Amino acid sequence: MRLLPREEKFYHLFLKQVEIISEATRLLLEGLRGGNARLAGVATEINVLEHRGDEVIHELFTRLNQTFITPIDPEDIHNLSSALDNVLDGIEDTAHRLVSYKIDPIPATMIKLSEIVASCGKALKMAFEALEKNGPIMEHCIEINRLENEADLIGRSAVVELFDKETNPITLIKLKEVYEFFEATIDSCEDVADVLQNVVVKNS
């Protein structure tokens, strides 16, 4: 059974969302690797992408309200698009905090977490491509769950080390908050995977 017919506009709007997310994750990683000199420009580019994402979700919700027969449950379409929007918002918020707090040097663990965010973005893109082709969606969802577990371990260890070694309380607060934004963003990716898995089960 094809969950989303090839000609169905909803699929194309989902794919637009994940393509924007993939580009935002790439930029975030580029910014972290480039340091503060590159981060400000990256944050501006990500903000532009976030506005593009808002336009896509507005188009999707408008179409959803005008469509009587949808390829999957309208609630699932709404939940998928909203969950994807949360991922993009999380990336934008993380970039904004990094620029605002002028963290220097950028910890290696933040670069690693950004790599995980980028990997989640790639897995989401492959999952939605599989959705259109009736391909193996679940394996991409499982990969996102694995990445989220990996990020949890890295983030928790980073915060423990932070409290052990950081003597400046302001710096500690800034770093801890950025780690929390990374965690929330990756959790949002897992939320998308969870909704996708529910869609697969309901339509199998």
GNM of the chain, Cα pairs under 10 angstrom: of Val18, Val99, Val160, the biggest fluctuation goes to Val160
Rounded to the nearest 0.05, FRET efficiency between Leu64 and Glu23 (Cβ-Cβ, R0 30 Å) equals 0.80
Let's see if you can work this out: charge +1 on each Lys and Arg Cβ, -1 on each Asp and Glu Cβ, no other charges. What is the dipole magnitude of the chain about its Cα centre, in debye to the nearest 20? 440 debye
Which of the residue pairs Lys125/Lys174; Lys112/Lys165; Lys122/Lys174; Lys102/Lys122; Lys16/Lys174; Lys112/Lys176 have a Cα-Cα distance greater than 25 Å in the structure shown? Lys125/Lys174; Lys122/Lys174; Lys102/Lys122; Lys16/Lys174
Lys202: which aspartates and glutamates have alpha carbons under 14 Å from its alpha carbon, excluding same-chain residues fewer than 8 sequence positions away? Asp73, Glu75, Asp76, Asp194
Once the Cα gyration tensor of the stretch 9-203 is diagonalised, what are the square roots of 5 times its eigenvalues, in whole Å and ordered largest first, as equivalent ellipsoid semi-axes? 32, 18, 13
Could you pull out the longest piece of the chain with no exposed loop trypsin sites (Lys or Arg not before Pro) in it, calling a site exposed if DSSP puts it outside H, G, I, E, B and it has at most 15 other Cβ atoms within 10 Å? 103-204
Determine the distance separating the Cα centre of the stretch 65-131 from the Cα centre of the stretch 158-200; give it in Å without decimals. 14 Å
Gaussian network model of the chain, Cα within-10 Å springs - most flexible of Ala108, Ala40, Ala83: Ala108
The chain: calculated mean residue ellipticity at 222 nm from DSSP helix runs of at least 4, using -39500 (n - 2.57): -31000 deg cm²/dmol
How big is the Rg/Rh ratio for the stretch 98-204, C-alpha atoms only, Rh by Kirkwood, two decimals? 1.10
Averaging sequence separations of C-alpha pairs under 8 Å and six or more residues apart, then dividing by the length of the chain, give the relative contact order as a whole percent. 31 percent
Residue span Glu180 to Asn203: 0.36 nm per residue of separation minus Cα-Cα distance leaves a gain in nm of 4.8 nm
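Throughout, read-outs are computed from the coordinates displayed, never taken from laboratory work. Quick caveat: nothing in here was measured; it's all calculated off a predicted structure. Every residue, glycine as well, gets a Cβ built from its backbone with ideal geometry; the counts of neighbours run over all protein chains shown.
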